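Here you go, one structure.
The values are calculated or read from the model by the stated rules, or taken from the named source; none is laboratory data. If you're wondering where the values come from, they're calculated on a predicted model, not measured in any experiment. In this analysis, Cβ positions are derived from the backbone assuming ideal geometry, glycine residues included, and neighbour counts consider all displayed protein chains. Surface areas here come from the heavy atoms of the whole protein model, side chains and all, with no ligands, DNA or RNA. Shrake-Rupley method; radii C 1.70, N 1.55, O 1.52, S 1.80 Å.
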Amino acid sequence: MKKITLVSLAILPLTFLHAQTFVEQLETPFDGVSNSSVAFADIDGDKDMDVLITGDTITKLYSNDAAGNYSEVTETPFIGVSNSSIAFTDIDGDKDMDVLITGYSSILGPVTKLYSNDGKGSYIEVAETPFIGVSNSSIAFADIDGDKDMDVLITGNSLNLGPIAKLYTNDGNGSYVEVSETPFIGVFASAIAFADIDGDNDMDVLITGDTASAPSSMRFTGISKLYINEGIDGFTEVLETPFDAVTFSSIAFADIDDDSDIDVLITGSFLSKLYTNDGNGNYTEARETPFDGVRYSSAAFADIDEDGDMDVLITGNASKSGHNSSPIPISKLYINDGKGFFNELDNKPFDGVYFSSIAFADMDGDMDLDVMITGRVSFSQSITKLYFNDAINTNFREEFVHNRVQVSPNPVSDKLTIANISDIKRIVIYNSAGQIIEELMVKMDEINLDVSRLPNGIYILELHGEDITRQKFLK
């Protein structure tokens with residue numbers, strides 16, 4: 001499934017960056033957390049990025065004033081959790097952002113709770129869901145059956161069943177039913193990521209984690225398993241992959257070498273390995289990468305310097321002498337040269353963290369990607385820090401894309417038409433958090449995109465021809 005989704009229109013010039021810097025915001029309302037999860041979304045329909053943070057038995061929602069200044073939203077129904085995972089999506093087709101939260105509650109134990117949004121940023125818990133409570137968990141939404149609603153896969157450690165991996169389909173109205181007889185192995189200390197790895201327009205999935213029903217120091221029980229979506233026939237495990245088995249891991253998919261397929265970075269178990277895709281879903285490990293191996297990790301791709309390729313931030317414990325050694329927390333940003341080769345960026349202010357979570361979003365409305373980092377900097381101290389992207393722009397060159405490409409209507413609600421694109425080879429669509437919503441090859445002079453299921457917000461349409469140009473648009 002490749003979701004084709006877009007938003008309103010304004011010109012965003014192609015820019016070359018002389019220097020890339022991030023500036024820590026010193027006065028923020030955020031509690032420091034570890035064993036955490038961070039998720040950005042426009043929860044109240046005001047076109048800026050609000051944030052939900054969990055960890056160390058708290059769950060707090062913060063609203064954005066459009067300039068990157070946050071205020072805590074009080075009296076929310078969310079339960080405090082640690083060892084958590086959170087994800088926003090529109091579960092019921094009403095074009096606002098609902099949220100699913102998993103983790104360990106000091107009151108209830110492992111929980112999985114779904115909350116619906118009233119469209120103004122107020123939430124109410126959805127009663128009588130089929131979800132099993134889990135901690136040390138991971139969750140991921142995707143339209144796995146092509147019916148244009150968001151299904152969900154949940155992994156983690158449950159109270160009675162041990163490690164689970166359960167898939168639930170959505171009826172379009174936000175009601176879920178468990179899919180029976182899936183091939184997924186139950187895991188905790190896990191990571192999940194969906195992507196169309198083989199170009200057949202449906203969502204495949206990669207799962208990592210620990211399969212043991214109880215922690216074991218005598219044997220390694222981690223996995224990294226790739227499953228292909230076969231449509232109505234469900235998922236099939238790919239039996240031969242080059243992926244190392246990992247736990248306390250992170251997975252990040254992106255096209256790192258501009259060849260129109262989805263590559264993957266996997267971290268965990270003191271490893272950080274990049275694998276390139278041949279276009280058919282077959283992966284090969286990229287050798288001689290600069291990445292430090294990490295555990296208790298988080299990794300995220302984003303185009304932080306606006307040059308049209310995907311850079312990557314990696315956090316975690318970089319100790320290489322075993323899990324009993326003292327941690328060496330890192331937060332390292334690597335810049336992509338456009339061909340999938342990465343170099344570490346030196347001028348960055350990030351604190352090293354492990355038991356961490358990271359998330360990119362345009363928090364201050366200046367159309368570049370800022371970052372929030374949570375995690376443990378030592379055994380006794382945890383942080384939540386916000387860093388604004390403060391790139392210095394030079395050699396500014398305007399390319400008025402609308403002189404040759406027609407995008408309408410502006411703003412869009414249901415159908416977006418992109419016309420006069422005979423000289424465009426590829427279109428990539430990003431949301432305001434820098435996440436790829438859709439990537440498609442152009443084979444005609446006009447494309448009509450159904451954006452009716454997209455949440456309202458700001459999106460970027462990136463056009464790849466002889467050069468790269470971008471347009472900002474609003475739904």
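Just the residues that are in contact with a Ser or Thr (Cβ under 6 Å, 6 or more places away or on another chain) and over 21 Å from Leu153 (Cβ atoms), please, taken from the range 83-106.
As a first pass, look at the range 83-106 and keep what is in contact with a Ser or Thr (Cβ under 6 Å, 6 or more places away or on another chain): 83-86, 98, 102-104, 106.
Correct list: Ser106 only.
How many of the residues making up the range 67-91 are open to solvent by less than 20 Å² (accessible area, probe 1.4 Å) and outside any loop (DSSP other than H, G, I, E, B)?
Going through the range 67-91 one residue at a time, the tally reaches 7.
Please go through the range 430-446 and give me each residue that is farther than 24 Å from Asp366 by Cα and surrounded by 17 or more Cβ atoms within 10 Å (Cβ to Cβ), ordered by number. Talk me through it step by step, then tell me what you get.
Applying the first criterion (farther than 24 Å from Asp366 by Cα) to the range 430-446 yields 440-446.
Val442, the sole residue that qualifies.
Kindly provide the set of residues from the range 212-233 that are open to solvent by 50 Å² or more (accessible area, probe 1.4 Å) and either among the polar types (S, T, N, Q) or modelled with pLDDT under 95 (or both), ordered by number. Spell out how you get there, then give the answer.
Restricting attention to the range 212-233, the residues satisfying the condition of being open to solvent by 50 Å² or more (accessible area, probe 1.4 Å) are 213-220, 230, 232-233.
Correct list: Ser213, Ala214, Pro215, Ser216, Ser217, Met218, Arg219, Phe220, Ile232, Asp233.
Within the range 141-179, take every residue that is under 21 Å from the mean Cα position of the chain (by Cα) and among the β-branched types (Val, Ile, Thr) and give me the one that is surrounded by the most Cβ atoms within 10 Å (Cβ to Cβ).
If we take residues in the range 141-179 being under 21 Å from the mean Cα position of the chain (by Cα) and among the β-branched types (Val, Ile, Thr), then Thr155 is surrounded by the most Cβ atoms within 10 Å (Cβ to Cβ).
Then there's this: Right, Leu274: among the hydrophobic types (A, V, I, L, M, F, W, C), under 25 Å from Glu288 (Cβ atoms) and crowded, with 18+ Cβ neighbours inside 10 Å or not? Give the steps one after another, and end with the answer.
Working: among the hydrophobic types (A, V, I, L, M, F, W, C): yes; under 25 Å from Glu288 (Cβ atoms): yes; crowded, with 18+ Cβ neighbours inside 10 Å: yes.
Considered against the rule, which asks whether it is among the hydrophobic types (A, V, I, L, M, F, W, C), under 25 Å from Glu288 (Cβ atoms) and crowded, with 18+ Cβ neighbours inside 10 Å, Leu274 comes out as yes.
Among the residues of the range 420-475 satisfying the criterion of being among the polar types (S, T, N, Q) and part of a strand (DSSP E or B), which is nearest to Glu306 (Cα to Cα)? Working first, answer last.
Looking only at the range 420-475, we keep the residues that are among the polar types (S, T, N, Q), and these are 420, 422, 431-432, 435, 448, 452, 456, 469, 471.
Cutting the leftovers down to part of a strand (DSSP E or B) gives us 431, 448, 469, 471.
On the way: Asn431: 14, Asn448: 26, Thr469: 10, Gln471: 12 Å.
Result: Thr469.
Okay, moving on. Which of the residues that make up the range 239-253 are hydroxyl-bearing (Ser, Thr, Tyr), under 19 Å from the mean Cα position of the chain (by Cα) and open to solvent by 10 Å² or more (accessible area, probe 1.4 Å)?
In the first step, residues of the range 239-253 are kept if they are hydroxyl-bearing (Ser, Thr, Tyr); the result is 241, 247, 249-250.
After this cut, where a residue has to be under 19 Å from the mean Cα position of the chain (by Cα) as well, the list is 247, 249-250.
If the condition is that a residue be hydroxyl-bearing (Ser, Thr, Tyr), under 19 Å from the mean Cα position of the chain (by Cα) and open to solvent by 10 Å² or more (accessible area, probe 1.4 Å), then Ser249, Ser250 are the ones that fit.
Cβ-Cβ under 8 Å, sequence separation 6+ or interchain: first residue in the range 368-383 and on the phi > 0 side of the Ramachandran plot, partner surrounded by fewer than 24 Cβ atoms within 10 Å (Cβ to Cβ) and of a type in the set (A, V, I, L, M, F, W, C). Which pairs?
Taking only residues 6 or more apart or on different chains, the pairs are Gly375/Ile383.
Is it true that Lys120 is at positive phi and either part of a loop (DSSP other than H, G, I, E, B) or touching a Phe, Trp or Tyr at 6+ places or on another chain (Cβ under 7 Å) (or both)?
So Lys120 does not fit the description; no.
Something else: Would you confirm, using the coordinates I've provided, whether Ile304 is outside any loop (DSSP other than H, G, I, E, B) and open to solvent by less than 50 Å² (accessible area, probe 1.4 Å)?
Values: outside any loop (DSSP other than H, G, I, E, B): no; open to solvent by less than 50 Å² (accessible area, probe 1.4 Å): yes.
Taking the combined requirement at face value, the residue does not satisfy it.
Here is a further query. In the range 126-138, which residues are part of a strand (DSSP E or B) and hydroxyl-bearing (Ser, Thr, Tyr)? Walk me through it before giving the result.
So the first thing to find is which residues in the range 126-138 are part of a strand (DSSP E or B), and the list is 134-138.
Residues satisfying the conditions are Ser135, Ser137, Ser138.
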